[in-house]
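Structure, as structure tokens:
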Amino acid sequence: DIETTSPDRKKEATDASIAFCEECEKAGYYVGIYASDISGFKDKLQLDRLNAFDKWVARYGSTPKYVKKYGMWQGSSKGHIDGISGYVDIDVAFYDYPSIIKKARLNNL
């Protein structure tokens, strides 16, 4: 979680993110990094070092502007679904993740 990371610690936050993702991959999981477009990926991470990992980008009201390549986009946190009280996130996946994960035999599938 990098939400409270100071922008002057981008290198350290990126190092930790890479180490965490690599350990998850070694354990057989599909990994990706979730952060907001600007206050996460731009301000607190070194995006150019994260090319090996899928991105799930939050940017409300418009598609991401800073992160150019991403697999999922969270466009709102104020969605509604019948049967669920309160707000839900509205996300769009651009890849068929269940098929990708199953084909690669990841996540214990």
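The values are calculated or read from the model by the stated rules, or taken from the named source; none is laboratory data. This structure is a prediction, so every number in the text was calculated from the model and none was measured. Ligands, DNA and RNA are stripped out before the accessible areas are found, and what is left, the full protein with its side chains, is counted by its heavy atoms. Shrake-Rupley method; radii C 1.70, N 1.55, O 1.52, S 1.80 Å.
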Using Cα centres only, tell me the gap between the range 1-77 and the range 89-104 in whole Å.
17
Please give the contour-minus-distance gain from I84 to E12: 0.36 nm per residue of separation, less the Cα-Cα distance, rounded to one decimal in nm.
22.1 nm
Counting only protein heavy atoms and a 1.4 Å probe, tell me what percentage of the chain's accessible area is made up of carbon and sulfur.
54
For a quick check, take a GNM of the chain with Cα springs below 10 Å and name the residue from A93, A58, A35 with the largest mean-square fluctuation.
A93
Counting DSSP beta bridges in the chain, what percent are antiparallel, to the nearest 5?
40
When only Cα pairs under 8 Å and 6 or more residues apart are kept, what is the percent relative contact order across the range 27-109?
26
Residue of D37, D48, D15 that the Gaussian network model of the chain assigns the largest fluctuation, springs spanning Cα pairs under 10 Å:
D48
Residue-normalised accessible area of the chain, given per residue in Å² at a 1.4 Å probe:
67
